[in-house]
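Step one of this worksheet: look at the structure below.
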Amino acid sequence: MHMKKNNTEKVDRRKLISSFLLGGLSLPLASEENDTSLGQAKTKDMRNKNSLLWAVAWSETAAEFGALCHQAFNLATLRVEHALNQKKDSDKPLAIITDIDNTIIHAASYWGYLINNGIDFFDDALWDQWLPKNLITAVPGADDFLNYCHKNEVEVFYVTNRDQGEKTYEYALRQLRYMNFPFADENHLTVYRDTSNKMPTKTAISQTHELVLMLGDNLNDYKRDYYVDGIDERYSLMERDRSDFGESFILLPNATDGHWVRAIFGDSEPAPTDDNRSILMTAATRNAWDGN
Ligand SMILES: [Mg+2]
């Protein structure tokens, strides 16, 4: 995740984060709410009110979260098995494309860190500091599925959009190797730093391989069509393509971040402001009962 953003904004937020990290337990973030005389109490309050709590608690504790991941990879395995059974010797080699973050790599420690520190929105600067530490686990079922592909000579191509500066590619490749995922090499990893459009890789791989399916946690991993503004437009495009899900596109659950966040805020990494907290409230209550 976490496409390149406006550089000025990123630098400004980095300054905030640096002061935060150097300051130990003090929390200059969300400073509009932080009265130094009430520091500790405010911190606890901010943690308890953190809008990330339910999403992160669910993905950290719910067996249902794990089961949804297994369901996705079980279905992916069936699709690959079917493609292997259909394949003739003369056909192009089979391949799959997978996104990385929240599709095969689980970032629990990052989200927990945000909550422990009273941060209630995705934080790009902290993400960039956290990422090289490899404090990651595999998404349930990812290992078995990727190894199934490898064992059956179905090539796995990893495509991600990340930006941690010049070392972005190195960090991404190192993570794949750290996880012992198959095909962790430069022929199978594409990193887009300046765009979230992954479609050039899809086009290129489709020319040399029979693309069986794509794995992602974000509709944009699948088609650029979904890169639209607005919740309703995005939703209706998904409904237009409903027969593709579980077929050529296998979706993993992600309640914390993604393009759905951009549909709400107009920004996939919205700033932690009270305006944005109000926008989140409006989104959550758009179909609310009026009490009558
Ligand atoms: Mg992802």
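Each value in this text was obtained by applying a stated rule to the coordinates, not by laboratory testing. Because the structure is a prediction, the values reported are computed rather than measured. Please note: Cβ atoms are built from the backbone with ideal geometry, for glycine as well, and neighbour counts cover all protein chains shown.
A Stokes-Einstein calculation at 20 °C with viscosity 1.002 mPa s, built on the Kirkwood radius of the range 67-157 over Cα pairs, returns a diffusion coefficient of 141 µm²/s. Full extension of the chain between residue 170 and residue 48 gives 40.2 nm of extra length, using 0.36 nm per residue less the Cα-Cα distance. With the simple model of a label 7 Å out from the Cα in the direction of the Cβ, residue 88 to residue 283 spans 4.8 nm. The length gained on full extension between residue 245 and residue 231, counted as 0.36 nm times the residue separation minus their Cα-Cα distance, comes to 3.2 nm. The amide H of residue 190, built 1.01 Å from its N in the peptide plane, has 158, 159, 160 as neighbours under 5 Å, considering only residues 5 or more places off or on other chains. Simple spin-label estimate for residue 197 and residue 61 gives 4.3 nm between the two label positions (7 Å along the Cα-to-Cβ direction from each Cα). Taking R0 as 22 Å, what's the FRET efficiency between residue 180 and residue 74 from their Cβ-Cβ distance, rounded to 0.05? Efficiency computed from Cβ-Cβ geometry: 0.60.
Remark: relative contact order (the range 53-284) = 26 percent; criterion is Cα-Cα distance under 8 angstrom and separation of 6 or more residues. Would you mind checking the range 158-195 for residues with the amide N under 14 Å from a putative spin-label position 7 Å along Cα→C-beta of residue 147? Taking a point 7 Å out along Cα→Cβ of residue 147, the residues of the range 158-195 whose backbone N falls under 14 Å are 179-183.
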